[in-house]
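Since every read-out is calculated from the coordinates, none of them should be taken as a lab result. If you're wondering where the values come from, they're calculated on a predicted model, not measured in any experiment. A quick note on method: Cβ atoms are made from the backbone with ideal geometry, for glycine too, and the neighbour counts reach across all protein chains shown.
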Amino acid sequence: MANGTAMHTDTRQKIINATLLVAAKHGLERATTGEISRTAGVSEGIIYHYFKSKQQLYESMVSEKAANFRRRWPKRSARSRVSGKNSNGS
C-alpha cells in the first residue's frame, strides 16, 4: 500500500506543479485543465480524481507552494544573518 500512496502523492504533486507552470505562462483565468493535464502527463479526468474543482486545484497549489516557501524561508533568512549579507548578496 505504501507504493500506492507514493504514486498518489507523486501524481497529485505533478498536477500541482503543472498548474503552477501553466498559470505562470497564461495566468489563472486562461489556464485550462487540458493544458495542465498535458503538462503533468496525466489524463484530464485524473485532475478531478484529486481535486473536486479547478478552484480547489488552484487553492491547493497556492497553499502548498506557500507552505514550501515558509519552510525554506527561515533557513535562508538565518544564513543571511550569519554571513552578514542581505538577499541581494551585498
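It is to be established whether one or more residues within the range 23-35 are polar (S, T, N, Q) and surrounded by fewer than 11 Cβ atoms within 10 Å (Cβ to Cβ). No, there is no match, as no residue in the range 23-35 is polar (S, T, N, Q) and surrounded by fewer than 11 Cβ atoms within 10 Å (Cβ to Cβ).
How many residues does the range 50-61 contain that are part of a helix (DSSP H, G or I) and either within 14 Å of Arg12 (Cα to Cα) or in contact (Cβ under 8 Å) with a residue 60 or more places away in the chain (or both)?
Initially, the range 50-61 is screened for residues part of a helix (DSSP H, G or I), giving 50, 54-61.
Next, only the ones that are either within 14 Å of Arg12 (Cα to Cα) or in contact (Cβ under 8 Å) with a residue 60 or more places away in the chain (or both) stay: 50, 54, 56-61.
The total comes to 8.
The single condition from (1) touching a Ser or Thr at 6+ places or on another chain (Cβ under 9 Å); (2) within 15 Å of Arg12 (Cβ to Cβ); (3) without any contact (Cβ under 8 Å) to a residue 40 or more places away in the chain that Ala31 fails is (2).
Looking across the range 10-22, the residues that are under 17 Å from Lys52 (Cβ atoms) and crowded, with 18+ Cβ neighbours inside 10 Å come down to Arg12, Ile15, Ile16, Thr19. In the range 38-49, the condition of being touching a helix residue (DSSP H, G or I) at 6+ places or on another chain (Cβ under 6 Å), among the aromatic types (Phe, Trp, Tyr) and either in contact (Cβ under 8 Å) with a residue 40 or more places away in the chain or on the phi < 0 side of the Ramachandran plot (or both) is met by no residue.
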